[in-house]
Amino acid sequence: MNTATATDAAGAVMPRRAVTLAAGPALVLALLLALAVAVQLGAVPVSAHDWWAWAGDAPATAGAYVLWELRLPRALLAACVGAALGLAGALTQGLFRNPLADPGLLGVTSGAVCAVALVLTVFAASAAAVPLAWRVWVLPASAFVGALAVCFGLERLARWLTPGSVAGLLLTGLALNALAGALVGLCTYLATDEQLRSLTFWTLGSIAGATWAVVAVLAVALAAALWQSRRLAHALNALALGEAAAAHVGVDVAGLRMRLIVVVAVLCALAVAWCGLIGFIGLMAPHLVRGLARGDQRRVLPLAMAAGALLLVVADTVARTVAIPAEIPVGIFTALIGAPMFLLMLRTMARQQGGHA
């Protein structure tokens, strides 16, 4: 009897382990397929000749220009931004030990958008005084400051107002979200017509401004953030047992919290600075892969990146092609998918806790 039970348990573990190991390659394959579809779909057809037009002596065609200068950098930027938001969401959920935590829900991305809005309107004259070579970095730097300020403010306020309460943490994040939204609304009221168009771009979210330089910068920052996150994965696994348990096994909880906040702020700032407010990717991506990774942050983090990249590439492809020649902001599609999924997650958690979320 005991032998049979052990055999059944071993048989149940092996398929689950096989599924876990296959999840990464499957997500990468799906992402490559989504990228291939994204660069092919559009108002201008792309042929196989266009892939080699600029590599050889053949003259560049309209299809080649659209492929290499518009669609390919846009698809890669969507993948990088989705991966950044997925990683930021996984780190946020690990930090707060809450599957409903998300940089967007907690106000981090709103803080970055608020900082960008202030720079575009209230401090527009100061930004114009910056040397031309540095202006490309003004918005990313301001978004980083805004995201970092909200991260620290959230952590401090939640500990002061509702220490140890997960619900209090989320409510504090909603309050900061509302405050940032009010400041963005004030900037909208004060903005000129040109500034208002720029603000609309940030608040709705779009990948249309993709360039190879932006893709390169974001890819390097993403690689550095992943490297730093992998170093913190063991500490995050210990933190899942509680701060006291993590401190007991030698984890510097305060230092860990500080490093995670900085990484999350950098990822959100870079995503918001060039693509605007794109919500729910950081919530959905870790939730989709956590069961496959069995809660191990060493697997959750890279899988969340792949899932986030896949989600945003698909969403941007749909937003770009569903109403050709018009283009719908991608933030609308992510909200349409993410809001019902958030409600479903909330209902699932309520059932697991006996009807009380």
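Numerical summary
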read-out	value
Cα principal axis extents for segment 2-352, largest first, Å	72, 49, 34
Of 216, 240, 326, farthest towards positive along the dipole that unit charges on Lys, Arg, Asp, Glu beta carbons give segment 183-326	240
Magnitude of the charge dipole, the chain, Cβ model with Lys/Arg +1 and Asp/Glu -1, debye to 20	900 debye
Scattering profile of segment 263-357 at q = 0.13 Å⁻¹ [log10 I(q)/I(0), Debye over alpha-carbon scatterers]	-0.54
Protection proxy ranking, peptides 136-149, 209-222, average beta carbon neighbours within 10 Å, highest first	136-149, 209-222
For segment 136-231, diffusion coefficient by Stokes-Einstein and Kirkwood Rh (Cα), 10 °C, 1.306 mPa s, µm²/s	98 µm²/s
For segment 263-309 versus segment 323-345, the gap between their alpha-carbon centres in whole angstrom	17 Å
FRET efficiency, 1/(1 + (r/R0)^6) with R0 41 Å, evaluated for residue 49 and residue 157 via beta carbons	0.10
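Bear in mind that the values in this text are calculations on the coordinates, not laboratory data. From a predicted model like this one, the values you see are computed outputs, not experimental measurements. Cβ coordinates were reconstructed from backbone atoms using ideal geometry, including for glycine residues, and neighbour counts include every protein chain displayed.
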